[in-house]
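Shown next, in structure tokens, is the structure this report addresses.
The values are calculated or read from the model by the stated rules, or taken from the named source; none is laboratory data. Only a predicted model underlies this, so the values are computations on that prediction, with no experimental measurement involved. FYI the Cβ positions are ideal-geometry reconstructions off the backbone, even for glycines, and counts take in every protein chain you see. Quick note on the areas: whole protein, heavy atoms, side chains included, nothing else; ligands and nucleic acids left out. Shrake-Rupley method; radii C 1.70, N 1.55, O 1.52, S 1.80 Å.
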Amino acid sequence: QVQLVESEGGLVQAGGSLRLSCVVSGRTFSTYAMGWFRQAPGKEREFVATVRGSGDGAYYAESVRGRFTISRDNAKNTVYLQMNSLGPEDTAVYYCAASRNYPCVRQYCYTYWGQGTQVSVSS
């Protein structure tokens, strides 16, 4: 049983920053590729970022590249999403997810999911 618990999101002004975290249970965290997805109202869930188990090799959706950074601390079983230069288009519920095998941009690659956390960006 693997559980993912996300930090609280928040309300941010346009141009501001926010960091999300996700703590993963178990003793095999470093073997998981981790990803972040988001879902805006009325839209499908979309890929945001992913990172391999070692912490290098990050990959980002074009919409967030250069603004968001995914990182992980394997000693703390935690993955982070640092979000800078936020805009209203970033408003969504954000989900962290764990893949048993490899980084991937598709939802079906991920076995375990966090509960989701709301990020709202005011204009």
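Pick from the range 93-107 the residues that are at pLDDT 95 or above and of a type in the set (F, W, Y): which of them is least open to solvent (accessible area, probe 1.4 Å)? Per the criteria, the residue is Y94.
Restricting G16, G53, G66 to those that are loosely packed, with under 15 Cβ neighbours inside 10 Å and either at pLDDT below 95 or in a loop (DSSP other than H, G, I, E, B) (or both) reduces the list to G66. Within the range 69-92, if we keep just the residues that are within 10 Å of the chain's Cα centre (by Cα), open to solvent by 30 Å² or more (accessible area, probe 1.4 Å) and touching a residue at least 40 places away in the same chain (Cβ under 8 Å), the residue that is farthest from S21 (Cα to Cα) turns out to be Q82. Modelled with pLDDT of 95 or more and farther than 19 Å from R100 by Cβ - does that describe any residue in the range 20-34? Checked the range 20-34: at least one residue is modelled with pLDDT of 95 or more and farther than 19 Å from R100 by Cβ.
Considering only residues that are outside any loop (DSSP other than H, G, I, E, B) and among the polar types (S, T, N, Q), look in the range 21-50 and name the one that is surrounded by the most Cβ atoms within 10 Å (Cβ to Cβ). Lay out the reasoning, then the answer.
Applying the first criterion (outside any loop (DSSP other than H, G, I, E, B)) to the range 21-50 yields 21-24, 29-31, 33-39, 46-50.
Then drop every residue that is not among the polar types (S, T, N, Q), which leaves 21, 30-31, 39, 50.
Details: S21: 19, S30: 14, T31: 13, Q39: 14, T50: 25.
Only one residue tops the list, namely T50.
Among the residues of the range 108-123, those that are surrounded by fewer than 16 Cβ atoms within 10 Å (Cβ to Cβ) and in contact with a strand residue (DSSP E or B) (Cβ under 9 Å, 6 or more places away or on another chain) comprise T111, Q115, Q118, S120, S122, S123.
Count, please, the residues in the range 69-104 that happen to be small (G, A, S) and assigned to a loop (DSSP other than H, G, I, E, B).
Taking the range 69-104 first, the residues small (G, A, S) are 71, 75, 85, 87, 92, 97-99.
Next, only the ones that are assigned to a loop (DSSP other than H, G, I, E, B) stay: 85, 87.
Summing the residues that are small (G, A, S) and assigned to a loop (DSSP other than H, G, I, E, B) in the range 69-104 gives 2.
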